[in-house]
1. Can you tell me which residue is surrounded by the most Cβ atoms within 10 Å (Cβ to Cβ) among those in the stretch 173-183 that are more than 16 Å from the chain's Cα centre (by Cα) and either without any contact (Cβ under 8 Å) to a residue 40 or more places away in the chain or not in a helix (DSSP H, G or I) (or both)?
2. Within the stretch 142-172, can you find the residues that are in contact (Cβ under 8 Å) with a residue 60 or more places away in the chain, part of a strand (DSSP E or B) and of a type in the set (Val, Ile, Thr)?
3. Is at least one residue of the stretch 141-159 under 28 Å from Gly201 (Cβ atoms), touching a Gly at 6+ places or on another chain (Cβ under 7 Å) and of a type in the set (A, V, I, L, M, F, W, C)?
4. Right, Ser100: modelled with pLDDT of 95 or more, touching a Pro at 6+ places or on another chain (Cβ under 8 Å), of a type in the set (Ser, Thr, Tyr) and within 30 Å of Glu202 (Cα to Cα) or not?
5. Checking Glu101 against (1) over 17 Å from the mean Cα position of the chain (by Cα); (2) part of a helix (DSSP H, G or I), which test does it fail?
6. Between a first residue in the stretch 38-55 that is buried (at least 17 other Cβ atoms within 10 Å of the Cβ) and a second residue that is β-branched (Val, Ile, Thr) and assigned to a helix (DSSP H, G or I), which pairs have beta carbons less than 7 Å apart while being 6 or more apart in sequence or on different chains?
7. Quick one: would you say Met16 is free of Cβ contacts under 8 Å to residues at least 40 places away in the same chain and under 19 Å from the mean Cα position of the chain (by Cα)?
8. Take the stretch 74-118 and flag every residue that is free of Cβ contacts under 8 Å to residues at least 60 places away in the same chain and of a type in the set (S, T, N, Q).
Amino acid sequence: MPKTKFPPLAAGNWKMNGTLASLKETEKLMRMLDGKSPACDVMICPPFTLLFPMGEQLGDSIIAMGGEDCHWEPCGAHTGDIAAEMIAETGASACIVGHSERRADHGETDEIVSKKAAAAHRAGLTAIVCIGETIEEREAGRTLDVISTQLKGSVPDGSNAANTIIAYEPVWAIGTGHTPTTEQVAEVHAHIRKELAGIVGEEEAQGMRILYGGSVKPGNAAQLMAVENVNGALVGGASLKAEDFFGIIEAAYL
């Protein structure tokens with residue numbers, strides 16, 4: 001397996017879930033991880049409303065924090081949007097861009113995703129760039145072509161192993177309970193690594209983390225995280241409860 005420059009990453013994407021009461025889950029996760037030394041970085045990406053209180057709560061714990069999206073401009077007349085600089089101010093160290101739900105629900109193109117990733121870089125955040133195929137694209141045998149197109153269009157100039165993480169999330173596996181076979185995951189992740197070499201150069205491509213996301217649970221985490229070229233997980237629903245998220249970290253990295 002290529003040796004990345006950084007430890008694997010277990011990142012939780014809370015999506016549009018969570019109120020102040022939900023901070024009891026991060027408190028519980030902090031207690032569960034206390035005294036442990038997982039062989040991975042741990043991150044939670046809550047909704048915008050929780051960034052400041054969660055940032056204060058996490059303090060200097062081993063759990064990092066990220067945003068779920070950002071606008072590509074640093075400021076301006078963009079009602080309802082959040083700039084990457086605003087996210088950085090909360091203590092976040094990363095930002096998810098290009099999630100399939102943003103692409104589908106808000107019509108985000110590869111060009112927009114690339115601009116958002118560049119904005120994250122500008123603000124000193126690590127961009128977690130999401131890519132993935134629909135079930136129609138997979139059944140048509142177009143998975144690798146779709147992945148190549150999304151990568152080339154979504155990863156901006158200046159991306160490297162330090163400021164960019166790729167998250168492969170087959171759209172048909174997100175929140176459905178359906179998970180690709182390890183062979184399917186291995187094929188796509190190897191293809192991503194190969195394509196990255198042509199975008200960021202061979203050395204940076206070998207060092208860049210590639211996460212898998214899509215119905216990751218405590219029961220399948222160890223098997224999925226052991227796949228060649230899988231450098232961690234982007235976890236959705238299972239990250240909302242401390243027991244489930246810790247179960248994933250424990251199964252794969254403790």
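The values are calculated or read from the model by the stated rules, or taken from the named source; none is laboratory data. What you are looking at is a predicted structure, and each value in this text was computed from that prediction instead of being measured. With ideal geometry, Cβ positions are generated from the backbone for all residues, glycine too; neighbour counts draw on all protein chains shown.
1. Pro180
2. Ile165
3. no
4. no
5. The single condition Glu101 does not satisfy is (1).
6. Cβ pairs passing all conditions: Pro38/Ile249; Cys40/Ile249; Val42/Ile249; Ile44/Thr26; Leu51/Ile87; Met54/Thr26.
7. Numbers: free of Cβ contacts under 8 Å to residues at least 40 places away in the same chain: yes; under 19 Å from the mean Cα position of the chain (by Cα): yes.
It is true that Met16 is free of Cβ contacts under 8 Å to residues at least 40 places away in the same chain and under 19 Å from the mean Cα position of the chain (by Cα).
8. Those that are free of Cβ contacts under 8 Å to residues at least 60 places away in the same chain and of a type in the set (S, T, N, Q): Thr79, Thr90, Ser93, Thr109, Ser114.
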